[in-house]
Amino acid sequence: MLMFVMLFSGILVAQTVEENYRKPLKEVLNQVETRFAVKLNYDEKLVADRTVNYAQWRFKDDVEATLQAVLAPLDMVFYKSGEANYKIETFHYYQRSAADGQKHLNRLLSLYPTLQDWEKRRADLRQCILSTLGLFPLPPKVNSNPIYANKRVLDSYSAENVAIESLPGVFVSGSLYRPLKGKGPFPAVMLAQGHGEIQHYGESSQLLSATLARMGMVVFSYDMFAKGEESLQFAFDDHRTILAPTMQTLNSIRILDFLSTLPYIDSKRIGMTGASGGGTQTFLLAALDQRIAVSAPVVMVSSWYAGGCPCESGMPTHACGDWGTNNVEIAAMAAPHPQLVVSDGGDWTANVPEIEFPYLKKVYTLYGKSEMVENVHLINEKHDFGPSKRQAVYAFLARQFDLKISAFMTGDGKVDESKCTVEVKSAMLVFGENGERLPSRAIHGIETLNQILKQNK
């Protein structure tokens with residue numbers, strides 16, 4: 001009898017501690033909704049088979065404190081998505097709530113009440129970001145000439161395929177567009193690509209590049225790391241490694257070096273634009289290299305989203321500086337150079353007019369140049385570099401480079417893209433459809449690239 005009592009007591013204690021206070025997450029969330037009269041939105045798969053230990057002790061006096069206590073141990077987060085509405089998701093290191101983004105910007109602003117404070121902060125961030133990327137100091141320039149292929153003469157502009165050797169045996173490819181009318185030296189624009197598989201061969205990139213060239217700008221439109229013709233050297237999965245932001249930044253710097261040496265380009269008037277991941281590359285290079293005189297990052301300047309691909313957020317650059325940094329502060333590092341931030345209502349730039357743009361204005365105000373930063377917000381549009389976004393960039397670059405945009409406008413007040421030729425991909429390749437013209441010194445694979453980067457320290 002004594003042994004039975006002891007055994008039963010042991011089981012009861014075990015159930016009380018390990019089981020009786022544990023409840024299914026779904027049940028706990030239902031209780032949260034009932035107790036606080038809120039609606040919780042989540043994927044059912046996210047909560048299936050998940051449990052909450054000591055569930056009843058996690059309820060607090062308000063809903064957000066309760067959600068924090070329930071979800072944090074499960075590596076889950078919540079965002080307020082409306083009045084009495086919350087969205088629950090898995091924690092992602094590259095994402096926070098819009099409210100937290102606002103708080104972070106306010107914290108950062110408190111660090112630099114004066115221009116002197118800001119410029120010290122900016123200098124520290126530049127060195128930290130370059131060091132984090134493994135680019136401080138920069139690898140030596142490769143002593144090789146650009147590779148040109150298949151020059152085409154089109155309507156008031158030419159297009160030519162070009163590859164630049166950014167590291168020994170590593171080639172980044174793109175298309176160089178030049179105006180056929182007017183006298184140089186011309187302003188130039190770097191067009192960085194986002195994550196789309198079509199890369200600079202896509203219609204939007206071709207229309208943007210050709211139109212800018214017809215307006216009087218030289219344009220170099222180039223691909224992301226391990227995409228486009230770089231896929232001849234690196235696997236698709238290499239794009240999603242922490243080496244990607246390093247290589248994309250280095251590629252951009254070497255393309256800027258290349259453009260700065262061309263006799264028909266005004267090296268003091270070089271700008272940059274790009275959407276999504278190309279927007280990240282745009283504000284990052286503008287922050288790190290003062291030779292970028294004008295920047296127009298499109299649909300990527302967000303205080304609460306850093307880009308879900310390791311090619312953007314895979315290196316801990318956002319840990320730089322006291323209290324860390326974010327994409328908006330990095331974009332502000334271009335000040336006081338002119339900058340256009342294009343945003344829309346259908347992605348993580350939806351809050352730019354209320355959160356990110358006022359912060360940027362305050363940084364530019366430290367220079368007395370608040371008018372140098374602009375925002376075009378397209379509330380009914382989504383994440384792309386579509387016609388309305390291109391029109392905003394045309395107007396901004398034409399104004400900054402003092403070009404007569406009216407000569408290229410149609411009766412509806414928009415820049416005419418109809419005279420641009422959208423070419424097939426095969427016409428835009430440097431190395432041939434099967435890579436048959438890829439130089440024999442070209443390297444292959446991420447392991448070899450790692451070795452080269454180490455050797456060039």
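The values are calculated or read from the model by the stated rules, or taken from the named source; none is laboratory data. Everything numeric here is computed off the predicted structure, so don't read it as measured data. All Cβ positions, glycine included, derive from the backbone under ideal geometry; neighbour counts span all protein chains shown.
Does at least one position in region 182-194 carry a residue that is assigned by TED's automatic domain parsing to the domain that holds N251, within 21 Å of the chain's Cα centre (by Cα) and part of a loop (DSSP other than H, G, I, E, B)?
Yes, region 182-194 contains at least one residue that is assigned by TED's automatic domain parsing to the domain that holds N251, within 21 Å of the chain's Cα centre (by Cα) and part of a loop (DSSP other than H, G, I, E, B).
In this structure, is A99 surrounded by 13 or more Cβ atoms within 10 Å (Cβ to Cβ), outside any strand (DSSP E or B) and in contact with a strand residue (DSSP E or B) (Cβ under 8 Å, 6 or more places away or on another chain)?
Yes; evaluated as a whole, the condition is true for this residue.
Using the structure shown, decide if S204 is assigned by TED's automatic domain parsing to the domain that holds L259, of a type in the set (G, A, S) and under 21 Å from R399 (Cα atoms).
Here the answer is no, as S204 does not meet what is asked.
Quick check on region 431-450. Is at least one of its residues assigned by TED's automatic domain parsing to the domain that holds V153, within 30 Å of A293 (Cβ to Cβ) and touching a helix residue (DSSP H, G or I) at 6+ places or on another chain (Cβ under 7 Å)?
No.
Please tell me if K389 is assigned by TED's automatic domain parsing to the domain that holds S204 and modelled with pLDDT under 95.
no
Does region 146-155 contain any residue that is in a helix (DSSP H, G or I) and surrounded by 14 or more Cβ atoms within 10 Å (Cβ to Cβ)?
no
Say whether the condition of being part of a loop (DSSP other than H, G, I, E, B) and at pLDDT 95 or above is met by at least one residue in region 356-365.
At the first step, the residues of region 356-365 found to be part of a loop (DSSP other than H, G, I, E, B) are none.
Within region 356-365, not a single residue is part of a loop (DSSP other than H, G, I, E, B) and at pLDDT 95 or above.
Would a scan of region 230-247 turn up a residue that is touching a residue at least 40 places away in the same chain (Cβ under 8 Å) and in a strand (DSSP E or B)? Spell out the reasoning first.
Taking region 230-247 first, the residues touching a residue at least 40 places away in the same chain (Cβ under 8 Å) are 230, 232-235, 238-247.
Next, from what is left, pick out any that are in a strand (DSSP E or B): none.
Scanning region 230-247, I find no residue that is touching a residue at least 40 places away in the same chain (Cβ under 8 Å) and in a strand (DSSP E or B), so the answer is no.
Any residue in region 127-139 that is among the hydroxyl-bearing types (S, T, Y), touching a residue at least 40 places away in the same chain (Cβ under 8 Å), closer than 23 Å to I255 by Cβ and surrounded by fewer than 19 Cβ atoms within 10 Å (Cβ to Cβ)?
The answer is yes; a qualifying residue exists.
Could you go through region 309-318 and let me know if any residue there is over 23 Å from L191 (Cα atoms) and touching a residue at least 24 places away in the same chain (Cβ under 8 Å). Can you show your working first?
Kept after step one, since they are over 23 Å from L191 (Cα atoms), are these residues of region 309-318: 316, 318.
If we keep only those that are touching a residue at least 24 places away in the same chain (Cβ under 8 Å) as well, we get 316.
Yes; the residues of region 309-318 include at least one that is over 23 Å from L191 (Cα atoms) and touching a residue at least 24 places away in the same chain (Cβ under 8 Å).
If you take the residues of region 107-120 that are in a helix (DSSP H, G or I) and touching a residue at least 60 places away in the same chain (Cβ under 8 Å), which of them is farthest from P73 (Cα to Cα)? Break it down stepwise before answering.
To start, the set of residues in region 107-120 that are in a helix (DSSP H, G or I) comprises 107-109, 115-120.
Adding the requirement that they be touching a residue at least 60 places away in the same chain (Cβ under 8 Å) leaves 107-109, 115, 118.
Working: R107: 26, L108: 28, L109: 31, L115: 42, W118: 37 Å.
Looking at the filtered set, the residue picked out is L115.
Considering region 292-315 alone, what residues qualify as being in a loop (DSSP other than H, G, I, E, B) and either among the aliphatic types (A, V, I, L, M) or more than 17 Å from Q193 (Cα to Cα) (or both)? Give the steps one after another, and end with the answer.
Pass one, region 292-315, residues in a loop (DSSP other than H, G, I, E, B): 299-304, 306-309, 314-315.
Selection gives V299, M300, V301, S302, S303, W304, A306, G314, M315.
Any idea which residue in region 376-430 is farthest from Y177 (Cα to Cα), counting only those that are among the aliphatic types (A, V, I, L, M) and assigned to a loop (DSSP other than H, G, I, E, B)? Talk me through it step by step, then tell me what you get.
To start, the set of residues in region 376-430 that are among the aliphatic types (A, V, I, L, M) comprises 376, 378-379, 392-393, 395, 397-398, 403, 405, 407, 409, 415, 422, 424, 427-430.
Still in the list and also assigned to a loop (DSSP other than H, G, I, E, B): 379, 403, 422, 424, 429-430.
Details: I379: 32, L403: 17, V422: 13, V424: 16, L429: 14, V430: 14 Å.
Filtering first and then ranking leaves I379.
Would you please list the contacts, defined by Cβ atoms under 8 Å and residues six or more apart or on different chains, that run from a residue in region 74-85 that is in contact (Cβ under 8 Å) with a residue 24 or more places away in the chain to a residue that is loosely packed, with under 15 Cβ neighbours inside 10 Å and of a type in the set (S, T, Y)?
M76/T90
For region 1-48, which residues satisfy the criterion of being of a type in the set (K, R), in a strand (DSSP E or B) and at pLDDT 95 or above?
Listed by number, the list holds a single entry, K39.
Would you point out the residue of region 268-291, among those that are in contact (Cβ under 8 Å) with a residue 60 or more places away in the chain and outside any helix (DSSP H, G or I), that is nearest to C311 (Cα to Cα)?
It comes out as S276.
Could you look through region 424-457, keep only residues that are β-branched (V, I, T) and either closer than 14 Å to S231 by Cβ or at pLDDT 95 or above (or both), and pick out the one that is surrounded by the fewest Cβ atoms within 10 Å (Cβ to Cβ)? Outline the logic, then answer.
Our first condition is that a residue be β-branched (V, I, T); within region 424-457, this holds for 424, 430, 443, 446, 448, 452.
Next, only the ones that are either closer than 14 Å to S231 by Cβ or at pLDDT 95 or above (or both) stay: 424, 430, 443, 446, 448.
Numbers: V424: 8, V430: 25, I443: 17, I446: 18, T448: 14.
Only one residue tops the list, namely V424.
Scan region 243-261 and tell me whether some residue there is surrounded by fewer than 20 Cβ atoms within 10 Å (Cβ to Cβ) and among the hydroxyl-bearing types (S, T, Y).
Yes, some residue in region 243-261 is surrounded by fewer than 20 Cβ atoms within 10 Å (Cβ to Cβ) and among the hydroxyl-bearing types (S, T, Y).
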